[in-house]
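Heads up, the thing below is written out as structure tokens.
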Amino acid sequence: MIVTIDGPAASGKGTVAKGLALRLGFAYLDTGAMYRAVAFAVLRAGKACDDGAAIACLLPDIHIEMPPDRVLLNGDDISEAIRAPHVSQGASKVAAVAAVRAFLVPQQRRIGSGRDMVTEGRDQGTVVFPDAPVKFYVTADVRVRAERRQKELDMRGVATTLERELAELIERDRRDSERADSPLRQPSDAKVIDTSHRTVEAVLDEMEGVVRRCKTDRA
């Protein structure tokens, strides 16, 4: 059984996806980390994250592994490095490159094949797993999201400001929503959850209830 969770950056979808997978005993896939890994590889090679031709040439030499709580790029653990702000922005840019999506989407489908899995990203319910029986779209007010991102970076010792994070999230939302290939969209059959003023536990309680009811109905 596949459960998809889509939504914009810093909406809380990663936190609830991990928590939901843990509650259900499902596998968890962070597809955003896969795009971050590609962006990291592109930046390390000295290329621009919006240079489609250059990126397409790099893809055959990129091997991504996703063991629990880690991201490996050609055997190197880049789990922490891909959370840097410039990599986050780069991930949004490489995600708009058709060759990158053609490279990663089949990998995501293979990972999910025949498994109980919670997968989160921006096109999981619309493109990657359009027939998933349970879909969520997690969102939050953009200022709340900027505050969360600022707090996260502060905890990691990365200097930033609320204004900077707000501007970057607005730009990233625009880029993710307007890209031609697999843009960020709310699946028509997804349950929308606004996390702006809700606790993680409250959101997880609601999501778990939806999934368990679906499992009962399908039994």
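For the reader, a short list of remarks on this structure follows.
- Any chance Leu43 is among the aliphatic types (A, V, I, L, M), in a strand (DSSP E or B) and modelled with pLDDT of 95 or more: no
- Candidates Asp217, Asp154, Asp189, Asp141, filtered to the one that is over 24 Å from Ala98 (Cβ atoms), surrounded by fewer than 15 Cβ atoms within 10 Å (Cβ to Cβ) and in contact with a helix residue (DSSP H, G or I) (Cβ under 9 Å, 6 or more places away or on another chain): Asp189
- Residue selected from segment 2-51 under the condition farther than 16 Å from Ile111 by Cα and acidic (Asp, Glu), by the criterion farthest from the chain's Cα centre (by Cα): Asp51
- All of (1) surrounded by 12 or more Cβ atoms within 10 Å (Cβ to Cβ); (2) at negative phi; (3) assigned to a loop (DSSP other than H, G, I, E, B) hold for Arg212 with one exception: (3).
- Given (1) touching a residue at least 24 places away in the same chain (Cβ under 8 Å); (2) closer than 30 Å to Arg143 by Cα; (3) not aliphatic (A, V, I, L, M), index of the condition Phe26 fails: (2)
- Pick from segment 160-186, criterion polar (S, T, N, Q) and surrounded by 14 or more Cβ atoms within 10 Å (Cβ to Cβ), ranking: modelled with the highest pLDDT: Gln186
- Candidates Thr119, Thr195 - the one that is within 21 Å of Phe26 (Cα to Cα) and touching a Gly at 6+ places or on another chain (Cβ under 9 Å): Thr119
- Filtering segment 187-200 for residues that are modelled with pLDDT of 95 or more, assigned to a helix (DSSP H, G or I) and either on the phi < 0 side of the Ramachandran plot or not hydroxyl-bearing (Ser, Thr, Tyr) (or both) leaves a non-empty set.
The values are calculated or read from the model by the stated rules, or taken from the named source; none is laboratory data. Fair warning: this is a prediction, and the values are worked out from it, not measured in the lab. All Cβ positions, glycine included, derive from the backbone under ideal geometry; neighbour counts span all protein chains shown.
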